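Working notes, structure below.
The values are calculated or read from the model by the stated rules, or taken from the named source; none is laboratory data. What you see is a predicted model; the values in this text were computed from it and never measured. No Cβ is skipped: glycine too gets one built from the backbone with ideal geometry, and neighbour counts run over all protein chains shown. Ligands, DNA and RNA are stripped out before the accessible areas are found, and what is left, the full protein with its side chains, is counted by its heavy atoms. Shrake-Rupley method; radii C 1.70, N 1.55, O 1.52, S 1.80 Å.
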Amino acid sequence: MAARVFPPKKLLKSFGNCYIFSRPFNSSSSSPSSSSSSSSISIIHSTEKLESIIQKQPPPTNADTTSLNLLDVEKLFSSVPTAKLLRASANLHFAAMESMVDFGMWIMKSKLMDIEVFRDMVLGVVKHTFYEHFCGGEDALATGDTVRRLHRGGDGLRVMLDYAVECVSDNQSCDRNLEAFLHTVEIAKSLPPSSVSFVIVKISAICPMNLLERVSDLLRWQHKNPSFNLPWKLDTLPILSSISPTYHTHQRPEPLTLEEERDLQLGHQRLLKICQKCLEANVPLTIDAEHTPVQPAIDYLTYSSAIMYNRDDNMIMYGTIQAYLKDAKERLLLVTKAVEKMGVPMGFKLVRGAYMSYERKLASSLGFESPIHNSIQETHACYNDCASFMLDKIANGPGALVLATHNVESGKKAVAKAHDLGVKKLNQKLEFAQLYGMSEALSFGLRNAGFQVSKYMPFGSMEIVIPYLLRRAEENRGPLSALTLDRQLIRKELKRRLKATVF
């Protein structure tokens with residue numbers, strides 16, 4: 001399949017504006033200045049007992065149908081072989097050792113990687129540890145085997161297939177990536193029914209980054225000056241709200257050149273080809289959120305395509321809302337109001353955030369307040385409010401929701417709300433999701449509670465996936481990472497199995 005291949009010496013130095021510290025689903029930062037938010041994917045604090053975190057809510061009256069039970073480790077990991085648990089435990093243990101992670105990241109970014117023998121040795125170690133833990137395979141075919149094992153092997157989990165390419169600068173690369181995405185849809189179609197819940201695409205992989213920045217500038221300027229004409233603009237949904245950050249565009253931008261308009265049309269045509277392929281394969285498409293300098297253009301392309309392809313009986317296009325942004329709820333309200341008026345259903349993947357460290361640094365460098373909530377508690381509140389709002393919407397009308405979270409409390413609140421509203425389990429309108437290799441206990445707990453659960457599974461060659469792995473290493477370093485709960489529960493289950501074997 002088509003793939004971006006970097007020359008060996010440029011393996012870790014060719015990502016341009018890709019910002020390797022971005023974080024899908026949840027976000028954290030190792031910088032002291034953001035310590036209050038660095039626990040946005042943390043589940044356990046070192047001073048608290050495991051059970052006290054899991055049992056914050058009183059047990060429901062009907063535990064079999066309404067509760068999210070993470071205490072019964074035997075039931076949680078019943079489908080996972082002991083060998084896999086041991087390997088996962090070892091990988092998660094190493095991921096928690098900050099000094100080892102820091103040393104590994106230093107090596108990956110050092111000139112030592114220019115030495116072929118040394119590079120091959122390091123990448124070999126990474127491939128058989130973190131790569132295999134967090135990624136589905138090197139290509140779509142190999143990833144298909146991983147999907148089958150996850151779906152049929154007793155886990156009962158679905159997969160969001162993510163060809164992990166991102167951030168390109170030219171149309172030739174965009175065309176190669178388009179072919180790879182189309183091939184991914186073909187593979188998804190060939191896999192067992194219901195095993196693939198979504199195909200994931202980053203717009204920055206099929207439309208040049210500099211063009212996305214230009215289009216976003218123009219959309220922001222039009223938001224500030226409604227009379228500003230954009231002749232190329234198609235029907236779309238609200239992109240910005242009254243509190244959306246617009247400091248990226250401090251002066252009137254030049255109109256798109258004829259070449260830029262042509263390139264924008266090409267980018268949109270690539271997205272529409274993927275939409276059509278997904279429609280034919282009956283596999284929904286989710287567009288990932290990226291950073292605010294390009295997010296307006298991403299939402300513009302996403303929403304204009306959704307208007308063309310989403311129908312009540314078959315919703316193809318999903319967008320993504322990042323709840324760590326202060327304007328997230330207001331934008332969500334505007335979009336849902338607009339789609340209700342237009343009669344076009346819209347699906348959303350709700351995440352906490354993706355580019356926290358970058359967003360703060362950018363806003364600070366321009367002399368503006370960060371667009372990120374001031375505390376992790378505010379981010380949690382925004383996420384839970386948006387989730388509750390969308391659950392109300394899908395319970396009483398069209399639309400669909402993917403709750404992508406590693407936070408146990410958010411999972412509990414959503415489960416309780418879905419039960420109260422009568423949102424059916426195993427329902428196409430509601431899906432929970434976690435990253436592949438992370439929050440396995442939460443995934444299994446939600447599955448055991450009867451809900452559809454997907455694992456966001458990136459795949460691709462080592463060269464393509466390295467930025468993703470570096471992000472996982474950075475956000476999961478240390479004892480307060482998102483993997484803390486899994487480490488403790490897996491160890492508890494391994495101890496239980498050992499005792500059962502001995503006695």
So for segment 416-432 (the condition being crowded, with 22+ Cβ neighbours inside 10 Å, assigned to a helix (DSSP H, G or I) and at pLDDT 90 or above), does at least one residue qualify?
yes
I'm checking my understanding of the structure. Among residues of segment 118-135 that are under 13 Å from residue 460 (Cβ atoms) and assigned to a helix (DSSP H, G or I), which one is modelled with the lowest pLDDT?
127
May I ask you to list the residues in segment 332-371 that are among the charged types (D, E, K, R), under 22 Å from residue 399 (Cα atoms) and buried (at least 23 other Cβ atoms within 10 Å of the Cβ)?
349, 352
Name the single residue, out of those in segment 136-167 being in a helix (DSSP H, G or I) and of a type in the set (A, V, I, L, M, F, W, C), that is most open to solvent (accessible area, probe 1.4 Å).
141
In this structure, does residue 86 turn out to be modelled with pLDDT of 75 or more and either open to solvent by 60 Å² or more (accessible area, probe 1.4 Å) or more than 30 Å from residue 498 (Cβ to Cβ) (or both)?
yes
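Yes/no per residue for (1) open to solvent by 10 Å² or more (accessible area, probe 1.4 Å); (2) under 30 Å from residue 151 (Cβ atoms):
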| residue | (1), (2) |
| --- | --- |
| 177 | no, yes |
| 180 | no, yes |
| 202 | yes, yes |
| 205 | no, yes |
| 227 | yes, no |
| 267 | no, no |
| 276 | yes, yes |
Residue 502 being β-branched (Val, Ile, Thr), modelled with pLDDT under 85 and either touching a Pro at 6+ places or on another chain (Cβ under 7 Å) or surrounded by fewer than 22 Cβ atoms within 10 Å (Cβ to Cβ) (or both)
yes
Does residue 393 satisfy the condition of being open to solvent by 50 Å² or more (accessible area, probe 1.4 Å), out of contact with any Gly (no Cβ under 8 Å at 6 or more places or on another chain), assigned to a helix (DSSP H, G or I) and of a type in the set (Lys, Arg)?
no
Of those in segment 208-222 that are open to solvent by 20 Å² or more (accessible area, probe 1.4 Å) and either touching a residue at least 24 places away in the same chain (Cβ under 8 Å) or acidic (Asp, Glu) (or both), the residue nearest to residue 293 (Cα to Cα) is 213
Within segment 154-184, work out how many residues are under 16 Å from residue 435 (Cα atoms) and among the acidic types (Asp, Glu).
2
Within segment 236-263, which residues are open to solvent by 30 Å² or more (accessible area, probe 1.4 Å), farther than 20 Å from residue 321 by Cα and not in a helix (DSSP H, G or I)?
250, 251, 252, 254, 255, 257
